[in-house]
Amino acid sequence: MIEELLRVNNVYKTFGGVKALDDVSISIGFGEIHCMVGENGSGKSTLIKLITGVYEPDEGEIIINDKHYQRIYPIQAIREGIQVIYQDFSLFPNLTVAENIAFNYQLAKNSHFVNWNEIRKIAQAALEQINVQINLSVRVEQLSVADKQLVAISRALLQNARLIIMDEPTTALTRREVKSLFTVIKNLQKEGISTLFISHKLNEILEISQRTMVMRNGKKVIDADASEFDNEKLVYYMTGHHLENASYNYDKKVSEECMLRVENITSNGNFEQVSFHLFPGEILGITGLLGCGRSELALALFGIQPIDSGDIFIQGKPVKIKDIQTAVKHGIGYVPEDRLTEGLFLEQPIGKNIIICTLKEVLNKFGLIDIKKLENRIQHWIKYLSIKTPSHQLAVKTLSGGNQQRVVLSKWLASSPKVLILNGPTVGVDIGSKTELHEIIRNLALHGMSVIIISDDIPELLHTCNRILLMKKGRIVDHFSSQDITENELATKLTEE
């Protein structure tokens with residue numbers, strides 16, 4: 001039996017009459033890797049905020065290191081060794097690695113002067129504790145996502161962390177970077193440091209977890225040894241029903257004309273000599289490790305990155321895509337990976353985000369907005385994509401990740417694209433919404449749309465695409481039928497040098 005570091009006993013939390021947490025308990029031992037999964041709105045974030053002192057429970061208690069708290073405050077949680085690493089890492093982008101790591105230490109020291117040699121020594125020692133090397137003089141804004149995460153972990157360790165809570169830590173990491181992170185977590189475990197790992201990626205949960213807790217609708221559904229779970233069971237406990245993951249069957253018509261043909265296109269410094277074709281109704285996957293050129297290829301096809309040489313044909317006709325307006329004119333739509341900064345106007349209403357690309361279509365003969373036509377158009381897409389909201393007048397930032405992605409999708413579907421490019425279409429989306437989005441994508445293809453999915457989520461590619469292209473160092477190096485390759489085979493090819 002692992003000695004307990006943290007125990008949460010029968011906590012309740014209500015917001016405006018809605019039970020966010022309903023009689024939830026959890027126990028985490030010293031050096032334990034405990035994973036928590038659940039769909040958006042299941043109560044995971046609320047539970048984290050109770051443990052870290054952001055919220056006060058309505059009922060229940062929190063026990064840390066045998067100390068009982070009816071309400072714990074953030075400073076108390078930190079002193080008890082609880083640290084949270086959120087998705088944004090809460091780092092100072094304009095400060096160096098050393099400054100970020102040693103910042104809290106310097107504040108606690110309350111010194112009037114800065115000893116730069118001491119800061120570097122402290123930062124170096126923290127990095128060595130997790131056995132990584134990062135240039136201490138580099139500004140954090142210049143680091144990769146993976147290195148930013150390691151800086152955040154190192155900073156947490158300086159606060160005498162005994163429990164590190166990682167909230168969706170692998171959202172923007174490649175498979176290789178994920179493995180490196182797992183090595184760090186296991187090294188921390190050897191030192192008796194516990195990890196509470198929250199993720200939507202079930203394969204990662206199954207790989208790293210010692211014990212797994214599943215939440216649904218504010219309640220704990222199950223909390224058991226990791227060996228009791230597989231992917232299918234996790235999905236069932238999270239959603240309450242079994243989800244089918246049938247692969248997409250593409251049936252090419254003999255007389256069908258190629259929708260998109262790309263011949264030897266090159267964008268200097270990004271990718272070179274890329275060629276492929278795409279027929280109506282196809283879902284083509286493009287994968288590769290971070291830096292392989294896959295996102296740059298998507299941006300080039302949408303007119304954001306320059307194309308220096310090569311040819312593009314749409315329905316057999318040559319086109320020159322020089323900017324976004326040209327791409328849209330030729331029937332190309334693009335859903336970006338980072339929906340928060342690239343795909344949405346977060347402070348604006350849901351309806352405005354949906355209609356923004358097709359505003360001209362709801363104008364009357366006087367050039368004014370036809371309110372009835374506008375309302376009908378917005379309601380059509382809310383209904384068609386099952387966007388869950390009480391009102392389209394609400395700011396789009398109020399929606400869950402899955403619903404935000406549907407809004408971005410509706411924005412481009414409203415423009416009736418011939419080719420839809422989806423870059424990381426389900427990043428940060430829970431399993432239920434992910435399955436629904438996959439079904440929407442398949443239905444679009446079945447109605448004749450040509451779809452390109454850029455992703456390193458191997459199960460997503462195999463279940464959604466009929467063909468997959470593999471990119472490395474800016475070139476397409478291989479291609480597969482999704483029905484002729486297994487998950488393990490594709491994962492191996494993805495990471496082979």
Provide the per-residue ³J(HN,Hα) series for region 412-427, in order, calculated from phi with Karplus coefficients 6.51, -1.76, 1.60 and θ = phi - 60°, each as a whole number of Hz, with x at glycine and proline positions. 7, 5, 4, 8, 6, x, 8, 10, 10, 9, 10, 9, x, x, 10, 4
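May I ask you to work out the translational diffusion coefficient for region 192-264 at 25 °C, viscosity 0.890 mPa s, via Stokes-Einstein with Rh from the Kirkwood sum over Cα pairs, reported in whole µm²/s?
Result for D is 156 µm²/s.
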Phi to ³J(HN,Hα) by Karplus 6.51 cos²θ - 1.76 cosθ + 1.60 over region 206-215, Hz, x for Gly, Pro: 5, 7, 9, 6, 9, 9, 10, 10, 10, 10
Computed lengthening from His242 to Leu368, 0.36 nm per intervening residue step minus Cα-Cα distance: 40.5 nm
Degrees separating the helix 97-109 axis from the principal Cα axis of the chain, which is the longest one: 30 degrees
Whole Å is fine, so just give me how far the alpha carbon centre of region 1-48 lies from that of region 279-328. 45 Å
For the chain, take every pair of Cα atoms, bin their distances at 10 Å starting from 0, and report each bin as a whole percent. 4, 17, 26, 25, 18, 8, 2, 0
Among the listed pairs Lys322/Lys493; Lys329/Lys352; Lys383/Lys418; Lys365/Lys411; Lys49/Lys179, give every one whose C-alpha distance is greater than 26 Å. Lys322/Lys493; Lys49/Lys179
Region 69-76 - phi-based ³J(HN,Hα) in whole Hz, Karplus 6.51/-1.76/1.60, Gly and Pro as x: 10, 6, 9, 10, 9, x, 5, 5
Rounded to the nearest 0.05, FRET efficiency between Gln348 and Gln325 (Cβ-Cβ, R0 35 Å) equals 0.95
Suppose we keep just the DSSP beta bridges with both residues in region 4-239; what percent of those would be antiparallel, to 5? 55 percent
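Subtract the Cα-Cα distance of Asn268 and Phe182 from 0.36 nm times their separation in residues, and report this length gain in nm to one decimal.
27.5 nm
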Let's see if you can work this out: charge +1 on each Lys and Arg Cβ, -1 on each Asp and Glu Cβ, no other charges. What is the dipole magnitude of the chain about its Cα centre, in debye to the nearest 20? 1400 debye
Under unit Cβ charges (Lys, Arg +1; Asp, Glu -1), what dipole magnitude, rounded to 20 debye, does region 351-408 have relative to its Cα centre? 40 debye
Toy charge model, Lys and Arg Cβ at +1, Asp and Glu Cβ at -1: region 4-239 dipole around Cα centroid in debye, rounded to 20, equals 460 debye
Taking the chain and counting helices only, DSSP H stretches of n ≥ 4 at -39,500 (n - 2.57) each over all residues, the nearest-500 ellipticity at 222 nm comes to -10000 deg cm²/dmol
Options Ile307, Ile265, Gln404, ranked by Cα towards positive dipole end of region 260-495, top entry (Cβ charges): Gln404
Compute for region 194-337: radius of gyration divided by Kirkwood radius, i.e. Rg/Rh, restricted to C-alpha atoms, rounded to two decimals. 1.14
Order by neighbour count: Trp116, Trp412, fewest other Cβ atoms within 10 Å first, most last. Trp116, Trp412
What spacing in nm lies between the two simple spin-label points modelled at Asn249 and Thr358, each 7 Å away from Cα in the Cβ direction? 3.1 nm
Lys/Arg +1, Asp/Glu -1 at C-beta; region 272-395 dipole; positive extreme among Ile369, Asn353, Tyr384: Ile369
Using the Cβ atoms and a cut-off under 14 Å, what net charge is assigned to the surroundings of Arg377, where Lys and Arg are +1 and Asp and Glu are -1? +3
If packing is taken as the mean number of other Cβ atoms within 10 Å per residue, what is the order of 449-456, 386-393, 397-404, highest first? 449-456, 397-404, 386-393
Once both labels are modelled 7 Å past Cα along the beta-carbon direction, what's the Ser391-Glu489 spacing in nm? 5.4 nm
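Quick note: the coordinates plus some simple rules give every number you see, no bench work behind them. Since the model is a prediction, treat every value here as computed from it, not as a measurement. In this analysis, Cβ positions are derived from the backbone assuming ideal geometry, glycine residues included, and neighbour counts consider all displayed protein chains.
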